[in-house]
Amino acid sequence: MNIKLFIQWIIFLSLLAILPANSQNYEAVIAYPVSDITIDGQLNDWSDDIKSYPISNIPFGEFQGEDDCKASFKVGYNEVEKSIYVGVEAVDSDIVLSNKEIGSNDYMYLYVDPIHSPYGGGLYLFQAGGQQKEKFHDYPKYWSPYLSNISWDQIEVKTLKNENTLCYEWKINLGTHFKINTVIGLDLIVADIDSNEEGAWKIWKQGTSKSESSHRLGEVILLDDPKKLGEVKGKVVIKDKKIKNINEIKITSLDNPDIWLKVAVDSLGNYQCSLPKGNYTIELNNQLTSHIHSIDFHQDSRKIIVEKPISFTVKEQILTKVEPLNVSTQLIQQGLFEEKGILLQDDFSEYKVDRFVKLAKDYFEIPGVSIALVKDGEVIYDKVFGVANMLTGEALRKDHLFEGASITKSVFGMMALKLVEKGELDLDKPLYQYLRFPNIEHDERYKKITARHILNHQSGLENWSVESYTGHISDVKADLAFDPGSDFLYSGEAMNYLGRVIAHITQKPLRQTFQEELALEFGMTNTYFSYDSSLVEKCAIGHLYTFPRYKSKFHQVDSPASSLYSNATDFSQFIVGILNKKYLSEESYKLITTPHQIIPKKKTLYSPDWNQGIGYGFFVVDSPDGKIIAHGGNNYDFECKYIVMPDKNLGFVVFTNSNFGDEFMRLLELYLLHGKGVYEEEFNHGG
């Protein structure tokens, strides 16, 4: 494959992995019975009555006008064969078709979800182009137990070029998953690779990251009789001006729970769709409308709610006008907050913490929470709430592991300071004298970078610009944003550079250094510096909104910036160790509790109203109730945080398997440490 095309391919896959899904105005496709179709790449044996649907959204690349790769698809099913048929046509003046590997010529992806669970889940993902075909994602049972592995014996596909049209014809045998008068998930990506090796892609339903969870697919209704179909029209009325818009609703059959659809809502609040006859109800679609997010630190965490449930009946061949769906917001109960933080009170109440965690967890719709509280240097509270996986409903256990993301930086900071105490690492020796960093050595300022700069985010390196998401150095070159030591710029990439230096110095992987020294010293028996396959059964599943997110374990490398796996039960020992001043000398503890520099207000990662500094892998904050050292972690589908108040000999740690963990943890911090006054200052309770 041409190197230029290969780089484009890698970039596209990266975008599919990290970009969020978006809504668009689409309607579910209606599939009807088909018969006597031969999978030969010619669609002339499909009935003219079967409607074609455009594939027109562009997730990546540029097309030369509307007629450059004009793609469409049609779909049908055969009940006897328990199969669905998909025909795709791409009209294009520059079709590239060869026997080379997929990616060097025109090809397509086909996504199929026969389960269509409201919690998302796994899907079948196939790729075909020329004479080549490939199957992806045999989802592990612990993540999506409803999909058994599917083989090519169940799939037929043929690609055929006919003048300026490229056809892909598919037959997928769904076996026991096949049902008529129900809904399946479906999506298609058509890749147009021109002779000049430039590539661009079109997709049916807008959005990416579809292989992470089936809830991002479009939908197909397998209907046995077109006469059973009716039309529905309605409006979403927003009653709270803080809500900018509602993008999607979910309509669910009261007669058949297998029939539910995501329906787009336009900017004026209107929606319209076709549905089989029957009785239905409407709710908000969790993917896009779980909560309001603020644009700054002061999170106005109001939950979007439907004021009154709406139900309606669809009749055959008739337009049904549904009464307006009124949407407003709801605040968490303010009466839960007391004048003083619960952990700062003389009489600690386990019952009050239970009540708050359960209420806030439900309010933010967080699947699972692992939480531990430390007071007077001892763990006084250690519990888990909820599930490890919304799809399977598996109860969360204390030994379940969460991705620690950026709290890895604090653990790594302590490891680095220990090497300084041993005389193996010099905080002020330029790091290039230990180990080169070829990607930035063209910038002469890089020779000034020291371990002290990196641990305090003063290297000048961007957060991520050189390294790929697998943790390996790519061939991308980057310039420093400023002279090392002259400013603050949060950088995971810099931490990884220092990690490579330390691994070079010790001649050991970082995971080994962590286990032999820090983990043993602190008694952290269920915390791991990075993932390996032996941990698979212990890992909780991350969620975006309430949908489980499947992803490969790209943190298999030792990343000081992000690769830690732990839980509150085990990580609480790290807090106890800090409070009891284990592992490091008094002088080193002064380094992590005294800010090396004060972070400019415009760059703070905490409340802009509180002075915030950075100290060797720890944020140091002057809160209204005393000094805090803390760090958070965010891997999109996992969010966590720990806080230590060394002067008051207490702290807490929380892990969540949700992208709403940060909002939950912020409220929890105010409840535990600060109380009603700070809560009212931090949150705007206007109508």
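Okay, here's what the table says:
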read-out	value
Top-ranked residue in the stretch 180-195 [being under 13 Å from Asn105 (Cβ atoms) and in a loop (DSSP other than H, G, I, E, B); ranked as most open to solvent (accessible area, probe 1.4 Å)]	Ser195
Any hit, the stretch 395-406, residues being out of contact with any Ser or Thr (no Cβ under 6 Å at 6 or more places or on another chain), open to solvent by less than 30 Å² (accessible area, probe 1.4 Å) and aliphatic (A, V, I, L, M)	yes
Search result, residues across the stretch 223-240 that are in a strand (DSSP E or B) and either under 20 Å from Glu283 (Cα atoms) or modelled with pLDDT of 95 or more (or both)	Gly230, Glu231, Val232, Lys233, Gly234, Lys235, Val236, Val237, Ile238
When residues of the stretch 418-446 are limited to those that are in a helix (DSSP H, G or I) and of a type in the set (A, V, I, L, M), the one nearest to Lys477 (Cα to Cα)	Leu431
Leading residue by the ranking (nearest to Lys538 (Cα to Cα)) among those in the stretch 400-411 that are in contact with a Gly (Cβ under 6 Å, 6 or more places away or on another chain) and hydrophobic (A, V, I, L, M, F, W, C)	Ala405
Top-ranked residue of the stretch 154-179 - restricted to ones that are assigned to a loop (DSSP other than H, G, I, E, B) and open to solvent by 60 Å² or more (accessible area, probe 1.4 Å), ranked as farthest from Val112 (Cα to Cα)	Glu163
Residue in the stretch 441-457 that is over 20 Å from Asp558 (Cα atoms), open to solvent by 10 Å² or more (accessible area, probe 1.4 Å) and touching a residue at least 60 places away in the same chain (Cβ under 8 Å) present	yes
Long-range neighbours under 9 Å by Cβ, at least six apart or interchain, first residue closer than 9 Å to Val327 by Cα and open to solvent by less than 50 Å² (accessible area, probe 1.4 Å) within the stretch 301-312, second hydrophobic (A, V, I, L, M, F, W, C) and assigned to a loop (DSSP other than H, G, I, E, B)	Ile304/Ile243; Ile304/Ile246; Ile304/Ile292
Filter result (acidic (Asp, Glu) and either farther than 18 Å from Val374 by Cα or free of Cβ contacts under 8 Å to residues at least 12 places away in the same chain (or both)) within the stretch 322-355	Glu323, Glu338, Glu339, Asp346, Asp347
Residue that is modelled with the lowest pLDDT, among those in the stretch 562-582 that are part of a loop (DSSP other than H, G, I, E, B) and surrounded by 20 or more Cβ atoms within 10 Å (Cβ to Cβ)	Ser562
Test for Lys383: is it at pLDDT below 95 and surrounded by fewer than 23 Cβ atoms within 10 Å (Cβ to Cβ)	no
Considering residues of the stretch 581-627 that are β-branched (Val, Ile, Thr) and in contact (Cβ under 8 Å) with a residue 40 or more places away in the chain only, the residue nearest to Val678 (Cα to Cα)	Thr604
Within the stretch 590-621, considering residues that are among the β-branched types (Val, Ile, Thr) and surrounded by 15 or more Cβ atoms within 10 Å (Cβ to Cβ), the one nearest to Leu417 (Cα to Cα)	Ile592
Selected residue (criterion: farthest from the chain's Cα centre (by Cα)) from residues of the stretch 462-484 that are buried (at least 18 other Cβ atoms within 10 Å of the Cβ) and modelled with pLDDT of 95 or more	Pro484
Selected residue (only one of Gln458, Gln433 is over 30 Å from Thr656 (Cα atoms) and in contact with a helix residue (DSSP H, G or I) (Cβ under 9 Å, 6 or more places away or on another chain))	Gln433
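The values are calculated or read from the model by the stated rules, or taken from the named source; none is laboratory data. Because the structure is a prediction, the values reported are computed rather than measured. Note that we place each Cβ from the backbone using ideal geometry, even for glycine, and neighbour counts take in every protein chain shown. Accessible surface areas use protein heavy atoms only, side chains included; no ligands, DNA or RNA. Shrake-Rupley method; radii C 1.70, N 1.55, O 1.52, S 1.80 Å.
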